[in-house]
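The values are calculated or read from the model by the stated rules, or taken from the named source; none is laboratory data. In this text the structure is predicted, and so the values were computed from the model without any measurement. Reconstructed Cβ throughout: ideal geometry from the backbone, glycine too, with neighbour counts over all protein chains shown.
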């Protein structure tokens with residue numbers, strides 16, 4: 001479980017194919033605090049630390065992770081958002097983020113407005129039931145609020161602090177990002193679909 005509040009920005013050192021998947025190595029100052037087996041959200045994708053030192057950490061990517069996320073497009077030098085799993089005694093900011101990416105979207109517009117930045121993200125139509133106006137969304141692991149919503153895209157407004165503490169400053173039209181819908185909304189959408197398609201589910 002994560003919150004979508006980014007702790008640090010790391011830098012990809014290597015992404016190499018290995019038997020059964022890929023090995024991602026990220027330079028990060030958090031390496032000294034990691035232990036093997038820790039869960040870390042890398043651009044919003046929950047991964048497990050398989051090796052680390054004081055300055056870097058390694059993660060294994062399975063074929064399914066490469067297929068449904070944008071991690072397979074990473075290259076050396078690219079910045080990534082990092083967040084350690086939420087501690088049970090920690091204060092919850094952001095929103096509940098599982099690190100289970102629902103799909104990838106594409107940045108189509110980045111435009112400044114005063115000190116803020118508007119970002120438009122196009123998403124696959126099958127994700128539409130998971131988005132609501134003023135609802136939460138994780139974009140590359142960043143907890144954001146949907147300010148405008150259309151059938152195949154949404155707009156978010158980025159405050160200066162978020163822009164400077166995440167990878168957002170590197171977003172450009174064409175940037176591919178990981179998207180995770182609000183988990184509460186996903187459960188509601190699932191229950192609604194079952195109620196309509198399986199009448200027995202409606203019975204007490």
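Taking residue 92 as meeting all but one of (1) farther than 26 Å from residue 184 by Cα; (2) over 16 Å from the mean Cα position of the chain (by Cα), write down the number of the exception.
(1)
Which residue pairs have Cβ atoms closer than 9 Å, lie 6 or more positions apart in sequence or on different chains, and pair a first residue in region 164-191 that is at positive phi with a second residue that is at pLDDT 95 or above and assigned to a strand (DSSP E or B)?
Sorted first by the residue in region 164-191, then by its partner, the pairs are 174/106; 174/107; 174/108.
Identify all residues within region 122-141 that are within 13 Å of the chain's Cα centre (by Cα) and under 14 Å from residue 176 (Cα atoms); write none if there are none.
Of everything in region 122-141, those that are within 13 Å of the chain's Cα centre (by Cα) and under 14 Å from residue 176 (Cα atoms) turn out to be 138, 139, 140, 141.
Return only the number of the condition from (1) closer than 21 Å to residue 172 by Cβ; (2) in a strand (DSSP E or B); (3) in contact (Cβ under 8 Å) with a residue 24 or more places away in the chain that residue 101 does not satisfy.
All conditions are met except number (2).
Kindly provide the set of residues from region 40-62 that are more than 19 Å from residue 79 (Cα to Cα) and within 18 Å of the chain's Cα centre (by Cα), ordered by number.
Passing the criteria: only 62.
Among what's in region 63-78 and is surrounded by fewer than 19 Cβ atoms within 10 Å (Cβ to Cβ) and outside any loop (DSSP other than H, G, I, E, B), pick the residue that is farthest from the chain's Cα centre (by Cα).
The extreme case among them is 63.
Residues checked against (1) at pLDDT 95 or above; (2) more than 23 Å from residue 170 (Cβ to Cβ):
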residue	(1), (2)
3	no, no
12	yes, no
15	yes, no
27	yes, no
44	yes, no
58	yes, no
63	no, yes
